[in-house]
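Beneath this line is the structure, given in structure tokens, with notes to follow.
Taken together, the values in this text are just the output of simple stated rules run on the coordinates, not laboratory data. This is a predicted model, so every value here is computed, not measured. All Cβ positions, glycine included, derive from the backbone under ideal geometry; neighbour counts span all protein chains shown.
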Amino acid sequence: MHSFYDYHSTAHSCTIIEHAHTLPDADVVFLTDPAVAHRIERILRKHAKRKFAIVVIASSEELADLQDPTELLNLHIIDILEAPISHRQFAITLRRLQFFFKERNKLDILKRQLIEQRNELQKLNDIGIALSSERDVTKLLEMILSICMEITGADAGSVYVVEDKPGVAADPANYFANKQLRFRHTKNSSKPVPFKEFTMPISNSSIVGAATLSGVPLNIPDVYEIPPDATYSFNRGFDVASGYRTKSMLTVPMLNRNKETIGAVQLLNKKRDPNVLLTDEETTAKYVIPFDKSDEDFIYSLASQAAIALENQILFEAHRKLLEAFIRLIAEAIDKKSPYTGGHCNRVPVLTEMLAKAACESQEEPFKDFNLNDEQWYELHIAAWLHDCGKIVTPVNIMDKATKLEKIYDRIETIKTRFEILRRDLALEYQRALHAPNGKSPEQLEAEFKQKLAELDDEQKFIEKVNIGSEYLDDESIERIKRISTRKLVINGEEVPLLNDDEVYNLSVRRGTLTPEERKIINDHIVVTIEMLEKLPFPRNLMRVPEYAGGHHEKMDGTGYPRGLTREQMSIPARIIAIADVFEALTATDRPYKRSKTLSEVMAIMGKMKEDNHLDPDLFNLFVKSGVYREYAKMYMSPELIDEVDEESLIRIQPRARKPAEETVSLMTMEAHHDAVGTPSA
């Protein structure tokens, strides 16, 4: 061990102590007396940037004055020498000092390494938290690559994801049998690189394929100098096309919990200076260095974390898609259940999201502060798709009841047959009267016969018209139905009325085609919807789905159903679905039991609903002013039905003052309400 020492006088040493923060770039030993040793140590410990040691030199008298000289010793005061000091003693002290500083250096190195390891662990922990909190797979891949490049000082990089090959069956004995690599993301700090996804086979012929198959990192100092016996090679096509020189490369597989490779991170060109741009080969040769073992280990550890986060998100997306597919399946099953309302469950979500988007973009009150984050958009999306799921239990013959007498079939045909029997009996009676002795004259009999036939024809036409349910039925019409029902005819030797009690009851429905009992069954679909949805264990981000989906038959004045909620008790998303549900029903052209309405007629009905406090007035005004209604109409209505709409008059409509127990419903709003639940209307 050879060391060199500089010796300084007492005066010089005092100057050094006074300016301890400017100590020379060397280890310093101070020789001092007992009286000032601790003071010097305090000054140096506070200001000195270099390692130092203090040796106390004291006479026998000074040592005798100390009760216990060893109390002077501490971390920096390492020895006490009694004067006079021999050459041998001083040499031994210097030797001890050499060992002291050597061990202190080792200790400092260990401390730095521990701090670096602690920082790396903290960084890994922070990265893990960041990765686990990202829900979007694309953003997650971007984050993974950016972090890896930042940590290693890489100039560029790419991320590959292992995915299933379409149409290829899995092999339990070979994980990669039905797998391929997809190039998902890339980044280059020095050159703009056009990005385009592509797939490639997983094989040892490519660098990323070899790392993916082996499951271990592949660190190449220079991809232009790959050993000839390697199974993989580097394709210089990108470098030639872009003018970029790829040199050092680190490819790290991302392994999941089962040690299966689900992706790979490929880093290019580790730089001495992160701020340098590699614009030419000369700069690349000067600044690019190989990735070291610490890079390899750290990125391998990070890639494992990234793999778990990526797999979690892939599984999350898969479960989300499964849920959405199942919901769409239910909606389509409901739509297919009824040819008259087919498409309703598909179209309401479209219109709901169009109006919600307009509300989010509005800078006017009361929507200025209204906004939906990604989770809330998804929640509204699911609610709109499930808004009529209760119809799955509604009997088809009621949901599709196009006429008053329809059950499994339209019973008007049976009644027509009965009228034909009455005509037959009338004709037989006429023939018998003609041949009866001392009877009326043939002319008189014919006149009476024709009059009775005309009465039957008129009554049949009346019953057929009433059966359609397109007009409001007054008391006089109901009484006429009862009179007609009293006609008698003989069928299979038994006298029966022309109309039985059930037929009279159904034909006497004043508005629409549904009896009160059938109306209740139809209305109960929303109750069933709420009951079904409230039984589902929705996660926290979907907790409001039952409320949103279950409120589209509520009215702003509290006269809706099933809960009689008022506007103040309903959320904006629930009120949005209510408008979407009504507008879709009124504009639907797939319902043969009603005439297709023009756009202006539909908006007039909804304007009346706004006036009657059935629809949210602010949302309806936004619906009009934003042009959402017309945009939707262009998508789903026949062009000949899209006419001019007086938007200003619709916006000027003011809701009537609410009454505590308001029961009156106009004919037009009743029609919209009936259409919205998927049934014929007045």
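Around A53, which amide H atoms from residues at least 5 apart in sequence, or from another chain, sit under 5 Å from its own amide H, with H modelled in the peptide plane?
V28, V29, F30
With label points built 7 Å along Cα→Cβ from the Cα atoms of Q569 and V240, find their separation and express it in nm.
Reported label-point gap for Q569 and V240 is 7.5 nm.
Going toward the positive end of the dipole of the chain, with +1 on Lys and Arg Cβ and -1 on Asp and Glu Cβ, which of T231, L110, G607 do you reach last?
T231
If you average 1/r over all unlike Cα pairs in segment 412-512 and invert the result, what Kirkwood radius do you get in angstrom?
Taking every pair of different Cα atoms in segment 412-512, averaging 1/r and inverting gives 14.9 Å.
Return the label of the correct value of mean projected area of the Cα convex hull in nm², as calculated from the structure shown, out of (i) 58.1; (ii) 37.9; (iii) 34.0.
(i)
Which FRET efficiency value, to the nearest 0.05, do you get for E531 and L428 by plugging their Cβ-Cβ distance into 1/(1 + (r/R0)^6) with R0 = 56 Å?
The formula returns an efficiency of 0.45 here.
Find, among the chymotrypsin sites (Phe, Trp or Tyr not before Pro) in segment 175-215, those assigned to loop by DSSP (not H, G, I, E, B) with at most 13 other beta-carbon atoms within 10 angstrom.
F195
Tell me, how many Å apart are the Cα centres for segment 513-557 and for segment 128-206?
Each part reduced to its Cα centre gives a spacing of 44 Å.
Apply the Karplus parameterisation 6.51 cos²θ - 1.76 cosθ + 1.60, with θ equal to phi minus 60°, to every residue of segment 58-63 and state each ³J(HN,Hα) to the nearest whole Hz, in sequence, with x for glycine and proline.
9, 6, 4, 5, 5, 5
Name the residue farthest towards the positive end of the dipole of segment 475-603 from the options L489, A585, M532, assuming +1 on Cβ of Lys and Arg, -1 on Cβ of Asp and Glu, about the Cα centre.
Farthest towards the positive pole: A585.
Which lysines have a Cα less than 16 Å from the Cα of K404, not counting those fewer than 8 places away in the same chain?
Counting by Cα, and skipping residues close in sequence, K404 has these lysines nearby: K416, K461, K465, K482, K520, K594.
Whole-Hz ³J(HN,Hα) for each residue in segment 328-338, computed from phi via Karplus 6.51 cos²θ - 1.76 cosθ + 1.60 with θ = phi - 60°, x for glycine and proline: what do you get?
Result, ordered by residue: 4, 4, 4, 4, 5, 5, 5, 5, 6, 4, 10 Hz.
Which length gain, in nm to one decimal place, applies between K488 and F316 when the Cα-Cα distance is subtracted from 0.36 nm times their residue separation?
Numbers: separation 172, 0.36 × 172 = 61.92 nm, distance 6.93 nm.
Length difference between fully extended and current span is 55.0 nm.
Tell me, which longest segment in the chain has none of the GluC sites (Glu not before Pro) that fall in DSSP loops with at most 16 further Cβ atoms within 10 Å? Present the calculation step by step, with values, prior to reporting the outcome.
Numbers: sites that count: E197, E260, E364, E471, E644, E662, E663.
With a cap of 16 other Cβ atoms within 10 Å, the longest stretch comes to 1-196.
So what's the back-of-envelope 222 nm ellipticity for the chain, counting only DSSP H runs of four-plus at -39500 (n - 2.57) apiece and dividing by all residues, rounded to 500?
-16500 deg cm²/dmol
If you bin the C-alpha pair distances of segment 297-355 every 10 Å from 0, what whole percents do you get?
The percentages, shortest bin first, are 20, 27, 22, 14, 12, 5, 0.
7 Å from Cα along Cα→Cβ at both K123 and I226: what's the point-to-point distance in nm?
2.9
Among the aspartates and glutamates, which fall within straight-line cross-link reach of K102, defined as a Cα-Cα distance under 13 Å, with same-chain neighbours fewer than 8 residues apart omitted?
Counting by Cα, and skipping residues close in sequence, K102 has these aspartates and glutamates nearby: D27.
If R0 is 30 Å, what FRET efficiency do you get for Y472 and V350 from their C-beta distance, rounded to 0.05?
So, using R0 = 30 Å, E works out to roughly 0.35.
Among DSSP beta bridges lying fully in segment 136-316, give the percent that are antiparallel, nearest 5.
Here the antiparallel bridges make up roughly 95 percent for segment 136-316.
Can you give the net charge of the other residues whose Cβ lies under 14 Å from the Cβ of E464, counting K and R as +1 and D and E as -1?
Neighbour charge sum, excluding E464 itself: -2.
For the pair T138 and L329, what calculated FRET efficiency results from E = 1/(1 + (r/R0)^6), where r is the Cβ-Cβ distance and R0 = 25 Å, to the nearest 0.05?
Computed FRET efficiency for L329 and T138: 0.40.
Report, in listed order, any pair from K179/K321; K46/K106; K247/K270; K555/K608; K391/K610 with a Cα-Cα distance greater than 18 Å.
Checking Cα-Cα distances, K179/K321; K46/K106; K391/K610 exceed 18 Å.
Which residues' amide hydrogens lie under 5 Å from the amide hydrogen of F538, considering only partners 5 or more residues apart or on another chain, with H built in the peptide plane?
Amide H to amide H, under 5 Å and 5 or more residues apart or across chains, F538 pairs with nothing.
If you place +1 on the Cβ of every Lys and Arg, -1 on the Cβ of every Asp and Glu, and leave all else neutral, what size is the dipole of segment 136-316 about its Cα centre, to the nearest 20 Debye?
220
Starting from the Cα of Y409, step 7 Å along the direction of its Cβ; do the same at A447; then give the gap between the two resulting points in nm.
Once both label points are built, they end up 4.2 nm from each other.
Hey, can you grab everything whose amide H is under 5 Å from the amide H of A402? Only 5+ residues off in sequence or another chain; H modelled, so Pro and N-termini drop out.
Excluding prolines and chain starts, which carry no amide H, there are no hits.
Can you work out ³J(HN,Hα) from phi for every residue in segment 428-437, in order, using Karplus 6.51 cos²θ - 1.76 cosθ + 1.60 and θ = phi - 60°, giving whole Hz and x for Gly and Pro?
Ordered by residue, 3J(HN,Hα) equals 5, 5, 5, 5, 5, 5, 5, 9, 7, x Hz.
Which semi-axes, in whole Å and largest first, does the equivalent ellipsoid of segment 566-637 have when worked out from the alpha carbon gyration tensor as the square roots of 5 times its eigenvalues?
Details: eigenvalues 91, 35, 26 Å².
Gyration-tensor ellipsoid for segment 566-637: 21, 13, 11 Å.
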